1. Condition (residue is on the phi < 0 side of the Ramachandran plot and either of a type in the set (S, T, N, Q) or within 19 Å of the chain's Cα centre (by Cα) (or both)) applied to the stretch 191-207: is it met by at least one residue?
2. When the residues of the stretch 1-36 are filtered to those that are in a loop (DSSP other than H, G, I, E, B) and aliphatic (A, V, I, L, M), which remaining residue is modelled with the lowest pLDDT?
3. Taking the stretch 137-155 on its own, how many of its residues are at pLDDT 95 or above and under 18 Å from the mean Cα position of the chain (by Cα)?
4. For the stretch 148-161, give me each residue that is within 15 Å of Leu115 (Cα to Cα) and not hydroxyl-bearing (Ser, Thr, Tyr).
5. Which residue pairs have Cβ atoms under 6 Å apart, sit 6 or more places apart or on different chains, and have a first residue in the stretch 162-181 that is in the same structural domain as Arg194 (by TED's automatic domain parsing) and a second that is polar (S, T, N, Q)?
6. May I ask you to verify whether Leu87 is in contact (Cβ under 8 Å) with a residue 40 or more places away in the chain and closer than 22 Å to Leu117 by Cβ?
Amino acid sequence: MMRSYGQYCPVAKATEVVGDRWSLLIIREMLYGTHRFNELERGLPGIPRSLLAQRLRHLEREGVVGRCAAAAGRGTEYYLTPAGQQLQAVIDALGNWGAAWAFGEPQPQELDPVLLLWWMRRRVNFEAVQAARVVLQFDFHGRSTGSYWLVIEPPEVSVCLQPPGFDIDLRVRAELAAFYQVWFGQLALGEALRRGLVEIEGPGLLVQSFPRWFALSHFASAVRAALARTADSAPPATLA
């Protein structure tokens, strides 16, 4: 539990509420539409279940998170109170700052294919998919090697760690680090395809429409802006 800083200051008080490790990431997940305990755990790989439960109880006591019976009548769903919803601006500002000042080259252990697909599932453009069901197989290589599946059945999207039992409509083969770069806007998909870092196989019409199926990360524009500033400040190239 976060200890008091003993300071009568809004920054100190706010940090006592949301400054614990994982708390802001829990809020990030809820802001992006995750409301079930198991889904929160899946979007936060590495957090112990007991710690997730503890953080949710703390945020509930502080009036940031509420809970209610799930719509289907089974289990519990968590939601952000008005106080929690106002943290959207904090998460946006923190992500934009991180893109500008703390987003260097990834560590190998930070490249998680399941987490990447989990992020992608909530950025699907259903109007562009235009199908009752589409099954994508992702074959990643590099730091992590393996196959994973996205099943798009509007308005639902599922991440599968085992073959889902349906015919595969599109197969995406990609170097994992490069696909992360595409997701965060550091590398255009067209460039990744030209360089052979990403390959897409399937019917021609589906391959052509695939780039419109997903919006990039919420922070892709901030990452791109940071890259542009870095390029502008680099010394000019020489012939030496």
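The values are calculated or read from the model by the stated rules, or taken from the named source; none is laboratory data. All values reported here derive from a predicted model rather than from experimental measurement. Virtual Cβ from ideal backbone geometry, glycine too; neighbours counted across all protein chains shown.
1. No, that holds for no residue.
2. So the residue we want is Met1.
3. 7
4. Trp149, Leu150, Val157, Val159, Cys160, Leu161
5. Correct list of pairs: Ile168/Gln137; Arg171/Gln137; Leu176/Ser144.
6. When the stated conditions are applied, Leu87 does not pass them.
Results for (1) buried (at least 20 other Cβ atoms within 10 Å of the Cβ); (2) out of contact with any helix residue (DSSP H, G or I) (no Cβ under 7 Å at 6 or more places or on another chain), shown as yes or no for each residue.
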position	(1), (2)
Val151	no, yes
Leu176	yes, no
Tyr180	yes, no
Leu187	no, no
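Here is a yes/no grid of residues against (1) surrounded by 14 or more Cβ atoms within 10 Å (Cβ to Cβ); (2) among the aliphatic types (A, V, I, L, M); (3) in contact (Cβ under 8 Å) with a residue 24 or more places away in the chain; (4) in contact with a Pro (Cβ under 6 Å, 6 or more places away or on another chain):
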| residue | (1), (2), (3), (4) |
| --- | --- |
| Leu59 | yes, yes, yes, no |
| Gly63 | no, no, no, no |
| Gly75 | no, no, yes, no |
| Leu80 | yes, yes, yes, no |
| Ala99 | yes, yes, yes, no |
| Met120 | yes, yes, yes, no |
| Phe126 | yes, no, yes, yes |
| Ala132 | no, yes, no, no |
